[in-house]
Each structure stands twice: as structure tokens, then as C-alpha cells.
Amino acid sequence: MKRTLLTLIPLAGMLVLLSGCGIKRIDADMTYPVTKEVVPSYKAGQSVTLTNYYEKPRIKILLEDRLDGDMKQYTETAMKLVEQGLAHQNVSVGPGGDKTVKLRVFNVKFDRGFWTLRADVNISAELGNGKKINVFHHNASPWSAYNAVSGAITRATEKILKHKDFLLYMNE
């Protein structure tokens, strides 16, 4: 019995070590909310159709073959945040809207810092009037890669909502 336990301990240790191997997916399906205070005034009563640049999942390695993320899912998160921001100004979002906005999250990167994980996020918005907005945000979290990317997506989305070209488009 004692001998069996002694052989099982190294085996259990190897299993624990191996479970940490491989690539971990970093989702950002729920992020920090876009608050009413950060959303500028838009002409109320209009409707917007939001579309995702990606038609299918687009998995990208984000950090040294250890973390990956789905750009389509990150873009869907940004779309939810834009919808949340527009709702604060009584602008509805859905198919057949008066205006269109195509969003794309891209060039997401992670880096390790001293006691933090840092995320860089780029978001582009193609407006129905032909204008294109590109924003970048860098965010760091001492807690997790999830918090770093979620915060970066939220803050980059807020930059889209406040961008002068977005404001002009929403108030045409």
C-alpha cells in the first residue's frame, strides 16, 4: 500500500504540471459597463444596425503561444458595449436601422509587466457615411488577462462613442 502511494504521488504531480500546458482562451464576453456619463449626446429616436467584421471565429495567438483569443467574440463584445452606450441616448440598435456601423477588434496583444498583464486593443468602426475610425487602448491588470482585455475593449469602445466622426455621424 505504501509503495503504491509513493508511485502515485509523482504521477499526480506530472498530471498537475501537464494540465498547465497548452493554450488558454481568453474570452471577453462580459466586460465593464459603458456608463451614461461617458456617452456624449446623440440625436435621440434614431436606429443603428451594428455588424461584425468577422463572419466566423478568428482565433489569434496573443501571448507566447500561451494565450489566444477570438477576434469575432471580442468584436461581439464591443458591439454589445456600443449598443449599451447608444441606449443611454435613446438610440435603438437592430436590423434595418437608419444608420450602419461595422465594428472590428484587431491586433490584440498581451505583454507581461511587473505584477501585471497588459493588453493592447485596436477597434475600427466603418460608418455608413464612408468614414472609418480607428482607436487604440492599452490596459493593464494585476489580476488577470481577462480583466486586462475586458478593460481595453471597454475603454476603446468608449473612445469610438466619443470620436468626433462618430458624433457627427450620429447627429446628422
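The values are calculated or read from the model by the stated rules, or taken from the named source; none is laboratory data. Note that the coordinates shown come from a computational prediction; the quantities given were computed from them, not determined experimentally. Note: ideal-geometry Cβ built from the backbone for every residue, glycine included; neighbour counts use all protein chains shown.
Some observations on this one:
Let's see how each residue does on (1) exposed (fewer than 14 other Cβ atoms within 10 Å of the Cβ); (2) touching a Ser or Thr at 6+ places or on another chain (Cβ under 8 Å); (3) closer than 23 Å to Ala140 by Cβ; (4) of a type in the set (S, T, N, Q):
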position: Val39; (1), (2), (3), (4): no, no, no, no
position: Lys43; (1), (2), (3), (4): yes, no, no, no
position: Thr51; (1), (2), (3), (4): no, yes, no, yes
position: Met71; (1), (2), (3), (4): no, no, yes, no
position: Tyr74; (1), (2), (3), (4): no, no, yes, no
position: Ser92; (1), (2), (3), (4): no, yes, no, yes
position: Gly97; (1), (2), (3), (4): no, yes, no, no
position: Lys109; (1), (2), (3), (4): no, no, yes, no
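- The criterion of at least 2 residues that are modelled with pLDDT of 95 or more and under 21 Å from Arg155 (Cα atoms) is met, among strands (runs of 3 or more DSSP E) falling completely within the range 58-126, by 99-113.
- So Asn139, is it in a strand (DSSP E or B), buried (at least 18 other Cβ atoms within 10 Å of the Cβ), in contact with a strand residue (DSSP E or B) (Cβ under 9 Å, 6 or more places away or on another chain) and not charged (D, E, K, R): yes
- Any hit, the range 154-166, residues being assigned to a strand (DSSP E or B), buried (at least 20 other Cβ atoms within 10 Å of the Cβ) and in contact (Cβ under 8 Å) with a residue 12 or more places away in the chain: no
- Among the residues making up the range 116-157, a single one is under 12 Å from the mean Cα position of the chain (by Cα) and of a type in the set (Asp, Glu): Asp120.
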